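Please read the structure below before turning to the comments.
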Amino acid sequence: MRTSHILLLCILGAALLDSVICNNGTGPDDCCFKFYPRRLNKNLITSYYMTDYRCPKTGTILVTQKSHHICVDPNLSWVKGIIKMVDERFM
């Protein structure tokens, strides 16, 4: 009886360890799956960054004064204007 308990614990431990190892992926941290549909006030944006190349959609993440991260389409003209303004501010 005692041997079967030890064997069961070993199997359970191996299963738990395997699930922890499998969840340790090295994928991208921030991806945009849906873009914010409206125009944002450029004065509220403090910084931006681009999504990782491994993401399914190329996106720009705008960071607001309140540290909100908003996904937007980098091909829109108003997004390009905000990116230019932020870049000029830090030069």
Discussion item. Tally up the residues in region 28-38 that are at pLDDT below 95 and either within 12 Å of ILE82 (Cβ to Cβ) or in contact with an Asp or Glu (Cβ under 8 Å, 6 or more places away or on another chain) (or both), please.
Written reply: 4
Practice prompt. Answer with yes or no whether ASP18 is of a type outside the set (A, V, I, L, M), modelled with pLDDT under 85 and either over 26 Å from VAL72 (Cα atoms) or touching a strand residue (DSSP E or B) at 6+ places or on another chain (Cβ under 7 Å) (or both).
Written response: yes
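The values are calculated or read from the model by the stated rules, or taken from the named source; none is laboratory data. Note that this is a predicted model, so its numbers are computed, not measured. Counting neighbours? That spans all protein chains shown, and the Cβs are built from the backbone with ideal geometry, glycine included.
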